[in-house]
């Protein structure tokens, strides 16, 4: 717009135009700040559905994102502590802290610490919400999807054309073909009888509770029969010792990702057809093991953690590595 045109404006007109331009720029900035790759990784939720956060908002400033990720990690540690406390009571500090480290890694690897997203924009992905993705993947899973999410009266994931909301849109993260759901990427094909039937997906804590219970179902039997798994034992003198880092890798590769404890040592097989999967998990595990206040998350960038949560995570990692139980910061966080 030329300076000459501006000169023909009254003061009021100029202020109106300035206000308009600022509003336009704010909208444009919001559009830029939205992580658009997430648009194709989400189901859009019925606006009337009752769900329990916290909610990731990628159009927020750094402080709000830090508050979000710190809250998520606090929830993770509270649920994980409850699951694994029996190992602490038994005096095996490393088993306890290995499970907490596993719990910090799996939601990062599976759902980039995102369960629910709150976003502005025209973001509903039609092929996901109408079930086409799931239908292409598996007809049985498609039936399950329709049964639990497409109730004709109040569908949890309505078809996009029935929703006109573009502000504060509520979404849930999913896998590429739509068959895995949530921050824990739970398979709706194999976990419908509890996770779906009891609507555990409607809350972050209840989802973590379910996912960590499944992890523990792999952790317990492998831990008790560690001599059966050469990939997670180190020979020291006359006695075999558990390699707790490999135990973490084995629980994810076996029980969690493949669905079979028999596949626990898959991560150590250089010829495994799932080698890339296990390398990807190991990469995210390294992010936790080498944590120093910031977590580089796939798709969504660096997640800065607040100081109290940072100190708690550092205690966990040091306790795991040094087989100790010094936990001032962790206890403070768990008491909140």
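From the list 174, 189, exactly one residue is on the phi < 0 side of the Ramachandran plot, crowded, with 20+ Cβ neighbours inside 10 Å, in contact with a helix residue (DSSP H, G or I) (Cβ under 7 Å, 6 or more places away or on another chain) and at pLDDT 95 or above. Which is it? Steps first, answer last, please.
Details: 189 fails: crowded, with 20+ Cβ neighbours inside 10 Å.
None of the other options fit; the residue is 174.
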Q: Just give me the residues in region 131-144 being free of Cβ contacts under 8 Å to residues at least 24 places away in the same chain and closer than 19 Å to residue 160 by Cβ, in sequence order.
A: 132, 135, 142
Q | Residue under evaluation residue 251, criteria (1) in contact (Cβ under 8 Å) with a residue 40 or more places away in the chain; (2) over 17 Å from the mean Cα position of the chain (by Cα); (3) surrounded by fewer than 20 Cβ atoms within 10 Å (Cβ to Cβ); (4) closer than 20 Å to residue 180 by Cα, criterion not met | A | (3)
**Q.** Matching residues in region 136-166 - criterion: being over 20 Å from residue 117 (Cα atoms) and in a helix (DSSP H, G or I)
**A.** 136, 137, 139, 140, 141, 142, 143, 144, 145, 146, 147, 148
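Just for strands (runs of 3 or more DSSP E) wholly inside region 198-308: which have at least 3 residues that are under 17 Å from residue 109 (Cα atoms)? It would help to see each step written out before you state the result.
On the way: elements: 233-236, 239-242, 294-297, 301-304.
Answer list for region 198-308: 294-297, 301-304.
Can you tell me how many residues within region 102-130 are in contact (Cβ under 8 Å) with a residue 60 or more places away in the chain and in a loop (DSSP other than H, G, I, E, B)? Break it down into steps so the answer makes sense when it comes.
Restricting attention to region 102-130, the residues satisfying the condition of being in contact (Cβ under 8 Å) with a residue 60 or more places away in the chain are 102-121, 123-125, 128-129.
From what's left, in a loop (DSSP other than H, G, I, E, B): 112-115, 120-121, 123-125.
Adding up the residues that qualify gives 9.
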Q) Which ones in region 34-62 are out of contact with any strand residue (DSSP E or B) (no Cβ under 9 Å at 6 or more places or on another chain) and either assigned to a helix (DSSP H, G or I) or crowded, with 19+ Cβ neighbours inside 10 Å (or both)? A) 36, 37, 40
Q) In this structure, is residue 266 buried (at least 16 other Cβ atoms within 10 Å of the Cβ), touching a helix residue (DSSP H, G or I) at 6+ places or on another chain (Cβ under 9 Å), without any contact (Cβ under 8 Å) to a residue 60 or more places away in the chain and under 19 Å from residue 215 (Cβ atoms)? A) yes
Q) Does region 59-73 include one or more residues that are under 22 Å from residue 166 (Cβ atoms), touching a helix residue (DSSP H, G or I) at 6+ places or on another chain (Cβ under 6 Å) and touching a residue at least 24 places away in the same chain (Cβ under 8 Å)? A) yes
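Given the criteria at pLDDT below 95 and either crowded, with 19+ Cβ neighbours inside 10 Å or closer than 16 Å to residue 47 by Cα (or both), does residue 230 qualify? Spell out how you get there, then give the answer.
Numbers: at pLDDT below 95: yes; either crowded, with 19+ Cβ neighbours inside 10 Å or closer than 16 Å to residue 47 by Cα (or both): no.
For residue 230, the condition - at pLDDT below 95 and either crowded, with 19+ Cβ neighbours inside 10 Å or closer than 16 Å to residue 47 by Cα (or both) - is not met.
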Q | Complete set of residues in region 221-263 that are out of contact with any helix residue (DSSP H, G or I) (no Cβ under 9 Å at 6 or more places or on another chain) and within 17 Å of residue 85 (Cα to Cα) | A | 224
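Quick test for you: out of 216, 285, pick the one residue that is closer than 19 Å to residue 94 by Cα, under 17 Å from the mean Cα position of the chain (by Cα) and touching a residue at least 24 places away in the same chain (Cβ under 8 Å). Working first, answer last.
Numbers: 216 fails: under 17 Å from the mean Cα position of the chain (by Cα).
None of the other options fit; the residue is 285.
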Q. Any idea which of (1) more than 18 Å from residue 103 (Cα to Cα); (2) surrounded by 13 or more Cβ atoms within 10 Å (Cβ to Cβ) is the one residue 310 doesn't satisfy?
A. (1)
Q | Matching residues in region 122-164 - criterion: being surrounded by 15 or more Cβ atoms within 10 Å (Cβ to Cβ) and closer than 30 Å to residue 304 by Cα | A | 123, 124, 125
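Take the conditions surrounded by fewer than 23 Cβ atoms within 10 Å (Cβ to Cβ) and under 29 Å from residue 92 (Cα atoms) and apply them to residue 277. Does it pass?
Taking the combined requirement at face value, the residue does not satisfy it.
The values are calculated or read from the model by the stated rules, or taken from the named source; none is laboratory data. Owing to the predicted nature of the structure, the values given are computational and were not obtained by experimental measurement. Cβ sites come from the backbone with ideal geometry, for glycine too, and all protein chains shown count toward neighbours.
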